[in-house]
Structure formats: structure tokens, C-alpha cells
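These notes concern the structure reproduced below.
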Amino acid sequence: MKVGLVICGPDVAYGPLALLSGTFEEKVQKARDLGYDGVELMVRDPAELDWSHVKQTLAQAGLEAPQIVTGELFGVDGLCLITPDDDLYQRAVERTQAVIKLAAFLDCAIVNVGRLRGRLDWMAGYTDDPWTLAVERIAGIAAFAAAHNVPIALEPINRYEADFIANVDDGMRMVADVGAANLGLMLDLFHMNIEDASIENSLRAAGERCLHVHIADSNRRFPGAGHLDFDSIFATLADMGYQGYISAEIIPWPDPDTAAVKTIQYVRSHMNGRPATSGIR
Ligand code: LER
Ligand code: MN
């Protein structure tokens, strides 16, 4: 398992769940100095990015970009896949395709689809079967991504932020209905703590379809600040043979740098159920 954290790309001024302060280059350097293996990039519009500079900055720091998170496409620009507005849908597809191309360029493992998917209740009056429409639209994104060798990770999101795919059962149903080899799940412990009966059982149920994990404690602060049982969660992931990232997407509390320090200290000292010997690099 590798350890990452979400940072804003140069095209995102502020992310409510992104860590580290400073310029993009400073954030990457800090992540490296703290001993993170990779930074997960929150991007909004690849057209506003210098792709080569981003790639070079990561390479110079020796960091991977395991995933690009797309929440700000929805959060800032309102772009989403399940909407009765055909023009909005087309723009959402085009932007998502640009993110997929960026992911391929950065050798990123994954592009996530969380809030970007939109809502089924917006389709009332347009279709009696919004789930099938979602299957078709997510299949379209997965097919484009497959052609670029990029996996897509659907993120189950709690009921207060989204109205479909709240838990691993729902996510696995969508994965099965789409039937694409490059489609899996990104599991966020914060959402799982609200929606899944057992975090450990759900992680196991996702199995090899678990492509990426967002870690946060029960209060969405750094691990150790709430009441989740991380020893049990990390042991479950290790048992599953999970090789992907556990990546912090948390409230930057008490500040964005301290939260990043607390996270890596806690994770390194609890991974594999044994205390860290070397501390942070
Ligand atoms: C995005 O990864 C996420 O977990 C959402 O809760 C952001 O609103
Ligand atoms: Mn998340």
C-alpha cells in the first residue's frame, strides 16, 4: 500500500478537502519531504494547465499522481453526467475526456467519478429509468478511458451529497451493469462510515474492484482525530492484497500542513499493525 494526499492542481484555487499550503510546486515538495508516495490531483480544467510542467514537477520530486479527482468540475462549473440539460451533459463529457487524456499523459492510474455523475432525481419527467441512463453514460466514459488505458473509479458518496451509489453494494451493482474491465470503485472511509454497515466487509466485497481509497477519520479530520478503527481497516486492506493508494482527503484542520503531517505520522505508525521504525523522512 502506498500513501497519498489530495492537493489542488494549479488550476484550482481552493479545495475544501485538499491539503498543504503554498504554490503547487511547494505543495509537491512538502509532500515529498513528509514521505508521501504520491499526490492526488484535484483539477478543474486541463485546458488551464501546463501539462508538461505538472509532469516535470512531480517527476523531479519522485512522486506519482495516482488519481485525478474531478469533484471540482461539478463543484465549481456545475458539470455533470446525469442531467436533463443536453448541452451541460456534452460539456461534462468533453471536460471529462480532457481529464482522462491528462491522466494518460501524467501516467496517472485513475480518474474518479464522484459528484461529477450528477443526480437521478433531476431526471424525473425525462426518463422513467434514470439508472439505465446512468449505466449508459458511465459506460461511455469508461469506454473512452479504456482507449487511453485509464481506469475509472466510481466513488460511493453519502446520501447528503448525492442521490445514487451511496455504498459499496450500489457501486458494485453499477460496475456489474456497465460491465467494463476498467471500471472499479474508489472507496472513501468518510462516506463508508455513514453508508456501509461494515467498512471491513464492504472493502472485502469490493475486492479487486477497489482501485483507490480515500482515508479520513469519522469526523473527516486526519486519521486518529475521530473514532474509526484504522488498525482493523489497514489489516483488512492488507489481507485483501490491496496494492493501491490510501490517500488523505480530509478537512485541513487545524491547518493544511499540520493535517498532512498528522496523517502521514498516523498512517505510517499504524500500517501493517506495527509501529513505524523510521518516522517521517
Ligand atoms: C470526493 O472525493 C468526496 O469524497 C466528496 O465528499 C467531495 O464532496
Ligand atoms: Mn472522497
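The values are calculated or read from the model by the stated rules, or taken from the named source; none is laboratory data. In this text, all values refer to a predicted model and were calculated from it rather than measured experimentally. As a convention, Cβ positions derive from the backbone with ideal geometry for all residues, glycine included, and neighbour counts pool all protein chains shown. All accessible areas refer to the heavy atoms of the entire protein, side chains included, with ligands and DNA or RNA removed. Shrake-Rupley method; radii C 1.70, N 1.55, O 1.52, S 1.80 Å.
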Using a Gaussian network model of the chain whose springs link C-alpha atoms within less than 10 Å, name the residue from Gly62, Gly38, Gly244 with the highest mean-square fluctuation. Gly62
What is the sum of charges around Glu64, taking Lys and Arg as +1, Asp and Glu as -1, for the other residues whose C-beta is under 14 Å from the C-beta of Glu64? 0
Within segment 180-194: backbone nitrogen closer than 17 Å to the Glu208 label point (7 Å, Cα to C-beta): 180-186
Dipole magnitude (debye, nearest 20) for the chain, charges at Cβ of Lys, Arg, Asp, Glu: 780
Computed ³J(HN,Hα) along segment 6-15: with the Karplus parameters 6.51/-1.76/1.60, θ = phi - 60°, integer Hz and x for glycine or proline, the list is 7, 10, 6, x, x, 8, 10, 6, 8, x
Against the longest alpha carbon principal axis of the chain, how many degrees, from 0 to 90 and to the nearest 10, is the axis of helix 230-239 turned? 70
Summed over the other residues with a beta carbon less than 13 angstrom from that of Cys210, with K and R at +1 and D and E at -1, the charge totals -4
Farthest toward the dipole's positive end in the chain, which of Met192, Ala259, Cys108, given Cβ charges of +1 (Lys, Arg) and -1 (Asp, Glu) about the Cα centre? Ala259
Between the alpha-carbon centers of segment 6-68 and segment 250-266, tell me the distance in whole angstrom. 16
With the cut-off at 31 Å, report for segment 2-272 the share of all Cα pairs above it, as a whole percent. 20
Tell me the label-point distance for the pair Met1, Asp128, using the 7 Å Cα-to-Cβ offset, in nm and rounded to one decimal. 4.6
Treat each spin label as a single point 7 Å out from the Cα along the C-beta direction, and report the Asp121 to Ala104 distance in nm. 3.7
List, in order, the whole-Hz ³J(HN,Hα) value for each residue of segment 138-148 obtained from phi through the Karplus relation with A = 6.51, B = -1.76, C = 1.60 and θ = phi - 60°; use x for Gly and Pro. 5, 4, x, 5, 5, 5, 4, 5, 4, 5, 9
What size of dipole, in debye to the nearest 20, comes out for segment 69-139 about its Cα centre when the only charges are +1 on Lys and Arg C-beta atoms and -1 on Asp and Glu C-beta atoms? 240
Pairwise label distance in nanometres, Gln90 with Asn149, each label 7 Å out on the Cα-Cβ vector: 3.2
Counting sequence-distant residues (5 or more places) and residues on other chains, those with an amide H built under 5 Å from that of Lys2 are Tyr245, Ile246
For Ala181 and Asp169, calculate 0.36 nm times their separation in residues minus their Cα-Cα distance, and state this gained length in nm to one decimal. 2.5 nm
Place a point 7 Å from the Cα of Thr23 along the Cα-to-Cβ direction; which residues of segment 90-123 have their backbone N under 19 Å from it? none
With a 1.4 Å probe and every protein chain kept in, tell me what percent of the accessible surface of the chain is carbon plus sulfur. 48
Förster radius 41 Å - calculated FRET efficiency between Ser218 and Ser52 (Cβ-Cβ, nearest 0.05): 0.50
Roughly how many debye, to the nearest 20, is the charge dipole of segment 1-109 about its Cα centre, given +1 on each Lys and Arg Cβ, -1 on each Asp and Glu Cβ, and no other charges? 340
Please calculate how many Å² of accessible area segment 154-226 carries per residue, with a 1.4 Å probe and no DNA, RNA or ligand atoms counted. 37
Loop-resident sites, segment 144-199, for chymotrypsin sites (Phe, Trp or Tyr not before Pro), counting at most 11 other Cβ within 10 Å (DSSP): Tyr160
With every protein chain kept in place and ligands, DNA and RNA left out, what is the accessible area per residue of segment 1-130? Probe 1.4 Å, answer in Å². 40
